[in-house]
Every structure is written in C-alpha cells, then in structure tokens.
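Chemist: Quick one: this structure, given as structure tokens, is what I'll be asking you about.
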C-alpha cells in the first residue's frame with residue numbers, strides 16, 4: 001500500500017513540474033532567430049577594437065596598457081629622421097585581444113584613437129586575418145597583411161553591425 | 001556449507017577529461033569493485049594557464065583583466081579579491097558609492113553563478129528543463145552587466161581604487177525590475193526541482209560531508225555551510241560595506257548533496273536582499289579614488305585580501321618589491337580546495353552517484369587550474 005502511495009506522490013510531483021513546463025510553453029518564445037534577427041549591444045559594449053590613424057598621436061600608451069600585448073605601432077619620421085606624432089603603421093591582433101578596454105582608457109586623445117566598437121561578429125578563417133593593419137590610405141575597418149602575396153586585403157567574412165564608427169565620450 | 005564469496009576484479013575507469021558533467025576538463029581516475037568505488041583520484045591541470053607566473057611580468061592594473069579568467073562564472077568576485085589585496089598595499093581609500101556598487105555587482109554575479117549551478121546540476125541529475133529556466137533569468141542578468149560594464153562574462157569592472165565607470169542612466173530601476181521578476185521564479189525552481197521526489201531520492205542519500213571532514217579538508221563556501229558550519233567571510237571578516245547590510249547565512253544540516261544544493265538556492269534569496277539594500281543606500285559621489293596612477297608602484301610589503309566568492313573563500317596574497325609588477329601573487333582558490341575532498345567523499349559510493357556528488361560540489365576548472 002505504501003509503495004503505491006509513493007508512486008502516486010512521485011507522479012503528482014512530476015505533474016507539478018510538467019505543469020510549469022506547459023505554462024511556459026504557451027508563452028511567446030524569448031529566443032532570437034540569430035542570423036535573421038540580431039540584438040544590438042548596449043552602448044559601451046566592448047566589441048572588436050577600431051582605430052583611427054588621423055587622431056592618433058603615436059604615444060604608445062595603449063601598447064603599454066595592454067595586458068596581452070596585442071598592439072604594435074611605429075611612429076612616422078620626417079625628412080630629418082626625427083619622430084613626429086603620427087603613426088607609420090599600427091597593428092592590432094584581435095586573436096590576442098582580451099576585450100578589457102584598458103587601451104581605450106589609456107588613450108589620451110579626444111575622441112579616442114583606439115576604441116571598442118559594438119561589433120561582436122568577429123569571424124576569421126585564418127590567423128593572419130586576425131591581425132589588422134592601419135596605414136596611411138587604408139580604410140576602416142582595417143586590413144590584414146597577406147605575407148604570401150605581400151598585399152593588404154580587406155577582412156573577408158566579417159559583417160559589421162556598426163557602419164558608423166561610434167564611440168562613447170567620457 | 002556456504003560457497004566462498006566471488007571476488008570481483010578491480011576495474012579502472014576514467015571519468016573525463018572530456019565529459020559533459022565534469023564542468024570543464026577534469027579527469028577523475030576511479031577504481032571500481034563491481035559498482036562500488038574503492039579509490040578516486042582527481043587529475044587536474046588541463047586548463048592551467050600560469051596566471052600566477054604571468055602576474056610577475058604584467059603590471060598591477062593589467063592583472064585585473066587576468067583575474068577575470070580564474071573563476072569565469074564569478075568574475076566580479078575575482079576582481080574584488082585582487083583589488084582588495086592591492087588596495088591594502090597601496091593604502092587607497094575607496095569612495096562609498098564604489099563600495100556599494102562593488103557589493104551590488106558581486107551579489108548579482110553570485111546569483112548568475114548559482115543559476116549556472118542550478119541549471120547544470122539539474123542536467124547532471126537528468127532534469128533538463130530547469131537549465132532552460134535558469135539560463136532565461138541569467139540572460140537578463142548578463143544584459144544588466146552588459147549595459148553597465150560592456151562585457152557579459154569577463155567584466156574587468158572592479159578596479160584598484162574603485163570601479164570602472166558609473167552606472168548608466170536608469171540602471172538601478174532596471175535592476176529592481178529584474179529582482180521583482182526574479183523573486184517568484186525562485187518558488188518556481190523549488191516546484192521544478194528542489195522538492196521533486198526523484199531529485200530528492202538521488203541527492204539526499206549520497207555525498208555526506210561531516211562537519212569535521214569539511215573543516216579538515218579546508219572546504220569553504222556553500223559546501224562548508226551545508227555541513228552545518230556557519231562560516232562566511234562577509235560576516236566573519238566584512239569587506240566593502242557588508243557590515244551595513246542585513247542578511248542571513250543559510251546553513252544545512254547533514255551535508256548531503258541536496259543540502260549543498262539548497263544552501264545555494266537560499267543564498268540566492270539572501271543575495272537578492274543584499275542587492276536591494278545596496279541599491280537603496282546608493283548615494284551620489286565619485287566611483288574612483290583620487291590619485292590612482294596608471295602605472296602603479298606600491299611600497300615593498302605583503303598583503304592578503306579575501307572575499308566570499310560564489311564558490312567559497314577566495315583569497316589573494318600579494319608580495320610587492322616596489323616594482324611595476326608584483327613579486328609574487330598567490331591565489332587561494334576555493335574550487336581547488338573543494339575538489340580535493342572528492343578523494344575521500346567518493347570512496348564507498350556507487351558509480352551512478354559520482355556525477356551527483358561532483359555536480360553538487362560545483363567546481364569551476366578555470367579556478368582549479370588557474
């Protein structure tokens with residue numbers, strides 16, 4: 001008799017759990033159909049780093065602030081061989097990046113020369129593509145240097161959410 | 001005349017390193033006799049990243065970003081433990097608003113972390129639905145974190161001398177809204193899983209940790225409290241402004257798997273209370289202490305800071321020799337200590353209960369191996 005009591009009790013409690021499941025089933029789905037619909041991250045989201053060579057004063061504070069050493073740069077030199085506050089080239093390794101915003105906070109220019117975009121879809125098909133270069137004349141969002149053909153190529157396979165390079169001012 | 005008992009050959013079974021219930025890459029070598037476990041050896045180190053060695057090269061400020069990666073389910077607690085230790089060395093006074101913000105973030109993160117436990121423990125036992133419910137609520141929490149810190153898992157929010165930035169506009173209201181939504185969900189969890197007789201049968205009878213053995217093995221956090229020891233760093237050695245908040249420490253009775261599970265569920269309730277109080281006490285003011293340089297050079301000395309992280313007593317021991325990087329950083333990782341008790345706990349248990357026990361201890365392998 002007690003055995004049947006236990007079985008009945010267990011069934012009743014399974015029913016309770018299933019009732020909650022059933023109640024949730026009739027509610028509208030809260031998931032987002034990803035490739036078709038996309039959620040836009042909040043302002044201040046730390047996405048893939050962007051860089052502006054026009055604003056940069058080549059102080060290399062971001063290089064020192066980075067905990068994973070993913071930033072490298074070289075200052076431009078004038079005819080006399082003296083360094084001027086402009087970059088000759090600037091490279092960012094997205095594969096090494098921690099997305100910690102220490103470089104953005106260290107940047108002394110206003111607006112920031114290096115900042116986190118809201119782009120979260122960083123998709124690459126090779127390691128070389130993760131390293132992005134900025135040189136004079138190249139365009140947003142940076143290009144990668146192909147060591148085989150020795151040319152700069154745009155990052156393929158990456159859909160950018162952010163067409164305007166927006167950044168927070170603080 | 002009774003026949004001599006049959007001898008079973010001992011069998012060695014590898015649990016992991018790739019097993020969905022090991023919550024990471026953990027290998028447990030089990031020696032079985034029939035279905036009963038004779039010996040259990042946890043084999044760790046698959047996720048070793050050398051954070052402690054790395055911190056001898058990296059600067060003081062950069063280490064906050066690395067501390068996120070110890071226990072990635074509870075990154076705020078890690079940040080706080082490291083910052084408390086570093087602030088003791090630098091003798092920095094943290095503003096009051098930043099203290100409250102730290103408490104809010106740590107408690108919200110504790111809720112998020114315990115929700116992962118709730119979901120994955122259900123999966124380990126064989127209940128899949130609670131996982132979906134837990135992650136629905138966790139998603140809202142992560143959205144709160146994202147709008148405030150800019151990241152969803154590795155926040156890098158609590159910094160030496162304060163916090164990264166102030167709350168965005170309307171954040172406290174959003175947070176209160178979430179808490180109101182969340183409170184009735186806890187009852188739903190109880191109906192779904194906590195008092196389900198099948199779940200009770202599988203967890204109430206296995207994995208008893210006695211008070212003495214818990215203390216001897218150095219277990220901390222909810223695992224220790226489930227054995228009946230009322231030990232919580234937030235009460236014993238209050239950091240931030242925890243002395244101002246009114247909250248209880250839930251304790252269990254027998255130290256079985258279910259007690260460890262239910263302790264965490266009760267802790268979520270207490271965390272909700274703390275967040276509400278801390279949000280009420282938020283006053284305007286700076287969120288960062290003045291005079292914290294970008295490149296720090298603390299005076300030579302030692303310091304120790306510890307917090308009640310989601311998994312237990314997380315301590316950071318720092319030694320400075322006056323350089324731009326610590327001379328030595330040591331992490332007292334709660335998961336690492338809690339994991340060791342498996343050697344004693346699993347002996348004599350049945351093979352089918354291993355997953356329940358392993359899940360109830362709630363380890364994060366990122367913290368075990370660092």
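Chemist: Does residue B:161 satisfy being within 12 Å of chain A (Cβ to nearest Cβ), surrounded by 14 or more Cβ atoms within 10 Å (Cβ to Cβ) and either over 22 Å from the mean Cα position of the chain (by Cα) or closer than 26 Å to residue B:67 by Cα (or both)?
Modeler: Values: within 12 Å of chain A (Cβ to nearest Cβ): no; surrounded by 14 or more Cβ atoms within 10 Å (Cβ to Cβ): yes; either over 22 Å from the mean Cα position of the chain (by Cα) or closer than 26 Å to residue B:67 by Cα (or both): yes.
The answer is no for residue B:161.
Chemist: Let me ask something else. So for segment A:75-82 (the condition being modelled with pLDDT of 80 or more, in contact with a helix residue (DSSP H, G or I) (Cβ under 9 Å, 6 or more places away or on another chain) and surrounded by fewer than 18 Cβ atoms within 10 Å (Cβ to Cβ)), does at least one residue qualify?
Modeler: no
Chemist: Looking at segment B:180-233, which of its residues are out of contact with any helix residue (DSSP H, G or I) (no Cβ under 8 Å at 6 or more places or on another chain) and within 24 Å of residue B:36 (Cβ to Cβ)? Lay out the reasoning, then the answer.
Modeler: As a first pass, look at segment B:180-233 and keep what is out of contact with any helix residue (DSSP H, G or I) (no Cβ under 8 Å at 6 or more places or on another chain): B:180, B:184, B:187, B:201, B:205, B:208, B:210-212, B:216, B:230, B:233.
Within segment B:180-233, B:201, B:205, B:208, B:210, B:212, B:216 meet the criteria.
Chemist: Separate question: So, in segment A:2-30, of the ones that are surrounded by fewer than 10 Cβ atoms within 10 Å (Cβ to Cβ) and modelled with pLDDT under 80, which residue ends up farthest from residue B:149 (Cα to Cα)?
Modeler: Within segment A:2-30, the match that is farthest from residue B:149 (Cα to Cα) is A:29.
Chemist: Quick test for you: out of B:132, B:80, pick the one residue that is within 20 Å of residue B:23 (Cβ to Cβ) and either over 18 Å from the mean Cα position of the chain (by Cα) or touching a residue at least 40 places away in the same chain (Cβ under 8 Å) (or both). Even if it seems obvious, please write down each step before you answer.
Modeler: Values: B:80 fails: within 20 Å of residue B:23 (Cβ to Cβ).
The unique qualifying residue is B:132.
Chemist: Can we say residue A:110 is in contact (Cβ under 8 Å) with a residue 40 or more places away in the chain and more than 14 Å from chain B (Cβ to nearest Cβ)?
Modeler: Values: in contact (Cβ under 8 Å) with a residue 40 or more places away in the chain: yes; more than 14 Å from chain B (Cβ to nearest Cβ): yes.
Judged against the criteria, residue A:110 is a match.
Chemist: Something else about it: Among the residues of segment B:87-105 satisfying the criterion of being outside any helix (DSSP H, G or I) and in contact (Cβ under 8 Å) with a residue 12 or more places away in the chain, which is surrounded by the most Cβ atoms within 10 Å (Cβ to Cβ)? Full working, then the answer.
Modeler: Initial filter on segment B:87-105 (outside any helix (DSSP H, G or I)): B:91-95.
If we keep only those that are in contact (Cβ under 8 Å) with a residue 12 or more places away in the chain as well, we get B:92-95.
Values: B:92: 19, B:93: 11, B:94: 25, B:95: 18.
Applying the filter and picking the extreme gives B:94.
Chemist: Hey, any hits in segment B:355-368 for a residue that's part of a strand (DSSP E or B), touching a residue at least 60 places away in the same chain (Cβ under 8 Å) and over 23 Å from residue B:262 (Cα atoms)? So that I can check it myself, show each step before the final result.
Modeler: Narrowing segment B:355-368 to residues part of a strand (DSSP E or B): none.
No, that holds for no residue.
Chemist: Filter segment B:60-75 down to residues that are in a loop (DSSP other than H, G, I, E, B) and farther than 15 Å from residue A:101 by Cβ and give me whichever is nearest to the other protein chains (Cβ to nearest Cβ).
Modeler: Narrowing segment B:60-75 to residues in a loop (DSSP other than H, G, I, E, B): B:60-62, B:68-71.
From what's left, farther than 15 Å from residue A:101 by Cβ: B:60, B:69-71.
Working: B:60: 11, B:69: 9, B:70: 14, B:71: 16 Å.
Residue satisfying both the conditions and the ranking: B:69.
The values are calculated or read from the model by the stated rules, or taken from the named source; none is laboratory data. These numbers come from a predicted model, not from an experiment. Cβ atoms come from the backbone with ideal geometry, glycine included; neighbour counts cover every protein chain shown.
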